[in-house]
Amino acid sequence: MEVLPRKSLLARRHGKVSGRGGLTLGSGSSLRIRSILTLSLLIGLSSVPGAAVGQPAADPGNGVHIRQLARALADAPEPLRRDFVQVAIPEMVEAYESEADLARRESYRGTADRDARRWSVAVRRQAAELSAIAASVTESTPVSVGIDGNGRVFVIVDGRLAILTIPRMNEQLVFEQRVAARFCDRNVCEDLLGVTGRKKPGENPSTAGQRWSFSDHAGPACSSDDGLEIQFASASNLWWKRAACAAVIRELAALASEIALERDNGTPLDWNSVAIQPHTRKDLRRIVLNKRGDYLLMPVPALSAVPDFFGLALPWLVARTDGVRYHLVVVNAERLLAPLSDLEERP
């Protein structure tokens, strides 16, 4: 993958971040001048020959993370990539114009020095250049979508580069989720997965080898080919135990695959912070990946219903994410998976 210039990071990863994305330097004038200079690097208007793009990945649904979407779009038909630009760029324009308006109001109130007005002008100029990029898209315009070496999504429209970042970093995650949600409202993201030729998380091949073993002494156990074993005390009500076991193994395998993809594309991963949280959409859950709040949206209803089981399965998930085989036996499965006893109708 071709790594885009690190200067366009706005120095956000290497110092204290201000409200406008510049490095805090202790001087108001220095801060704004630095911010204006680095802002001009957000959009590259020169040709970017042969920029490599990320590999496609499984899409967890209409709440897809923007990097998952970018990987899927890499090999998708060009009309889909053009539509992504028509969604993402206007969202960026809105964010830049809002920032410019705020800076202008600050300068009028006298709460900032002359640099507030200069910041407003610079941001407004970037908004205009972004608008020009969006307006230039036609049915024949070549468009690429990819992820740079720092995990940021970018688009290249007829040789012009735009990295999908906005001035206020504390609003970046909301911006990314809004872009992904709007795109999936306009397009069937499940069909996009079919274009990439990859399976959905629920069809992960690592669950195909799920098998059962029975013992008079230990009770029945279900296990996967990659080392996860779930032990029950008895074979009574086996109908719901089969369904529950299949659900948690399938979701854990999908989760390991998606977390690994996010980590490999630059998202920091802190296993002490990994958690499953509810989401406004009932079919999706928020998978928190680190302390700063990066997350995936995935359909993992079974795992979210059994938090104690998920906590015990974390060592397996860590190893699976690293591509290491790890044999983990989880006992007391009747109690741990009891919330899933209604997954299937009684025969």
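The values are calculated or read from the model by the stated rules, or taken from the named source; none is laboratory data. Keep in mind it's a predicted model, so treat the numbers as computed, not measured. Positions of Cβ are generated from backbone atoms using ideal geometry, with glycine treated the same way; all protein chains shown enter the neighbour counts.
So here's what we get for this one:
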{"quantity": "Matching residues, region 165-177, being more than 21 Å from Asp101 (Cβ to Cβ) and of a type in the set (A, V, I, L, M, F, W, C)", "calculated": "Leu173"}
{"quantity": "Some residue of region 307-328 being assigned to a loop (DSSP other than H, G, I, E, B) and within 24 Å of Val174 (Cβ to Cβ)", "calculated": "no"}
{"quantity": "Boolean, Ile156 is in contact (Cβ under 8 Å) with a residue 60 or more places away in the chain, over 23 Å from the mean Cα position of the chain (by Cα), surrounded by 17 or more Cβ atoms within 10 Å (Cβ to Cβ) and over 20 Å from Asp294 (Cβ atoms)", "calculated": "no"}
{"quantity": "Those residues of region 288-306 which are of a type in the set (D, E, K, R) and in contact (Cβ under 8 Å) with a residue 60 or more places away in the chain, in sequence order", "calculated": "Asp294"}
{"quantity": "Meets criteria (surrounded by fewer than 17 Cβ atoms within 10 Å (Cβ to Cβ) and without any contact (Cβ under 8 Å) to a residue 24 or more places away in the chain) for Ser140", "calculated": "yes"}
{"quantity": "Yes/no for Thr280 being within 27 Å of Glu171 (Cβ to Cβ) and either crowded, with 17+ Cβ neighbours inside 10 Å or charged (D, E, K, R) (or both)", "calculated": "no"}
{"quantity": "Residue check, Phe309 touching a residue at least 60 places away in the same chain (Cβ under 8 Å) and in contact with an Asp or Glu (Cβ under 8 Å, 6 or more places away or on another chain)", "calculated": "no"}
{"quantity": "Qualifying positions in region 303-344 - among the small types (Gly, Ala, Ser) and more than 29 Å from the chain's Cα centre (by Cα)", "calculated": "Ala333, Ala338, Ser341"}
{"quantity": "Filter result for the condition that a residue is part of a strand (DSSP E or B) and of a type in the set (A, V, I, L, M), over Val123, Val145, Val137", "calculated": "Val145"}
{"quantity": "Residue list for region 265-294, filter: under 12 Å from the mean Cα position of the chain (by Cα) and acidic (Asp, Glu)", "calculated": "Asp294"}
{"quantity": "Residue selected from region 76-103 under the condition surrounded by fewer than 17 Cβ atoms within 10 Å (Cβ to Cβ) and either at pLDDT below 85 or among the small types (Gly, Ala, Ser) (or both), by the criterion nearest to Val179 (Cα to Cα)", "calculated": "Ser98"}
{"quantity": "Test: residue in region 295-302 that is in a helix (DSSP H, G or I), over 13 Å from the mean Cα position of the chain (by Cα) and surrounded by 14 or more Cβ atoms within 10 Å (Cβ to Cβ)", "calculated": "yes"}
{"quantity": "Asn265 being within 30 Å of Glu171 (Cα to Cα), of a type outside the set (A, V, I, L, M, F, W, C) and touching a Gly at 6+ places or on another chain (Cβ under 7 Å)", "calculated": "yes"}
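Yes or no, residue by residue, for (1) farther than 27 Å from Glu334 by Cβ; (2) of a type outside the set (D, E, K, R); (3) part of a strand (DSSP E or B); (4) out of contact with any Phe, Trp or Tyr (no Cβ under 9 Å at 6 or more places or on another chain):
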{"site": "Arg250", "(1), (2), (3), (4)": "no, no, no, yes"}
{"site": "Ala260", "(1), (2), (3), (4)": "yes, yes, no, yes"}
{"site": "Gln277", "(1), (2), (3), (4)": "no, yes, yes, no"}
{"site": "Lys291", "(1), (2), (3), (4)": "yes, no, no, yes"}
